[in-house]
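Computed from the coordinates by the stated procedures, all read-outs in this text should not be read as laboratory data. Note that the coordinates shown come from a computational prediction; the quantities given were computed from them, not determined experimentally. No Cβ is skipped: glycine too gets one built from the backbone with ideal geometry, and neighbour counts run over all protein chains shown.
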Amino acid sequence: MNILVIEDDRTIGKSLQKGFVESGYECVWAISGKTGLEKALTQQADVIVLDLMLPEVDGLEVLNQLRASGNQTPVVILTAKGAVNERVEGLEAGADDYIVKPFAFVELKARVEAVSRRTSVRPSASLTAGDLSLDLSNHRVVQRGRDIELTPTEFSILELLLRHVGQVVTRKMLCEHVWGFEWDGPTNVIEVHITRLRKKLANDGPVTINTVRGRGYSFVSPTRSNGA
């Protein structure tokens, strides 16, 4: 796995690069947002670890430009403790996960590996509900004949919902499916991704992800709900 770390703190940057290399991964470290964006757009990375507080071009702008270019490389953002607004903005801009400083390297490594697994090639298979179809092997979503661009996290959420059409999927189930390990953090992090997913699906048809208050979410096929 190739990892791109974009971090201006030299101590943290060197430590992360050393940790990933010792874990058997290739790791490139960029010390500024401008350099990091250039590397992200010109080099093949499997996962990007992105600090939000960067010189020249801040992390949020790096993420916005990356997604605007069509690059869907999974991104794990690094944020300061208590910076809730930063985390929300990062997730809304298309980040797949976040971790709060200070953090343990083993947790960051687990999150990086989890988002990487979600983009791995799977055996050919597809899921269909109403006019929506997911091609799991090619990571493609089609609704009414139109391709819908989703981030890896959004795709993973939709996949689990489509595997349980008409059933309640709890926030904890979604978190564990998305991040690939026993989840003991706040489950409201999933709400930002659900909101983005609803907006993208609503562009081509009725919103099909219902909130089940106090429990989680349910995907209802339009054919089952009579278009409601």
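What is the stretch 2-117 by shape, rounded, prolate or oblate, if you read a ≥ b ≥ c off the alpha carbon gyration tensor as root eigenvalues and call it rounded for a/c under 1.5, prolate for a/b larger than b/c, and oblate otherwise?
Rounded, since a/c falls under 1.5.
Place the peptides 163-175, 42-54 in order of packing, highest mean first, counting for every residue the other Cβ atoms within 10 Å and averaging per peptide.
42-54, 163-175
Using only helices, what value at 222 nm comes out for the chain when you add -39,500 (n - 2.57) per DSSP H run of length 4 or more and divide by the total residues, to the nearest 500 deg cm²/dmol?
-12500 deg cm²/dmol
Report, in degrees rounded to the nearest 10, the 0 to 90 angle that the Cα long axis of helix 10-22 makes with the longest principal axis of the chain.
Between the helix axis and the principal axis of the chain, the angle is about 70 degrees.
Highest first, please rank the peptides 66-78, 85-97, 9-21 by the mean number of other Cβ atoms sitting within 10 Å of their residues.
Descending packing order for the listed peptides: 85-97, 66-78, 9-21.
Once you list every other residue whose beta carbon is under 10 Å from the beta carbon of residue 141, what net charge do they have if Lys and Arg are +1 and Asp and Glu are -1?
Around residue 141, the surrounding residues sum to -2.
Taking 0.36 nm per residue of sequence separation and subtracting the Cα-Cα distance, how much length would be gained by fully extending the chain between residue 125 and residue 23, in nm to one decimal?
Residue separation times 0.36 nm, minus the Cα-Cα distance, leaves 33.6 nm.
Measure out, as a whole number of angstrom, how far apart the alpha-carbon centroids of the stretch 129-183 and the stretch 76-116 sit.
So the two Cα centres are separated by 21 Å.
Which pairs, out of 18/172; 39/172; 14/39; 39/200, put more than 26 Å between their alpha-carbon atoms?
Table pairs above 26 Å Cα-Cα are 18/172; 39/172; 39/200.
Which of the aspartates and glutamates could a cross-linker bridge to residue 109, judged by Cα under 20 Å and excluding same-chain residues fewer than eight apart?
7, 8, 9, 22, 26, 46, 51, 96, 97, 176, 182, 184
Assuming 0.692 mPa s and 37 °C, estimate D for the chain with Stokes-Einstein, Rh taken as the Kirkwood radius over Cα pairs, in µm²/s.
After rounding, the answer is 181 µm²/s.
Suppose R0 equals 45 Å; then what is the FRET efficiency for residue 146 and residue 103 from their Cβ-Cβ distance, rounded to the nearest 0.05?
0.70
Arranged from highest to lowest average of other beta-carbon atoms within 10 Å per residue, in what order do the peptides 212-220, 126-134 appear?
By packing density, highest mean first, the sequence is 126-134, 212-220.
Between residue 117 and residue 188, what length in nm is gained on full extension when 0.36 nm per residue of separation is reduced by their alpha carbon distance?
23.3 nm
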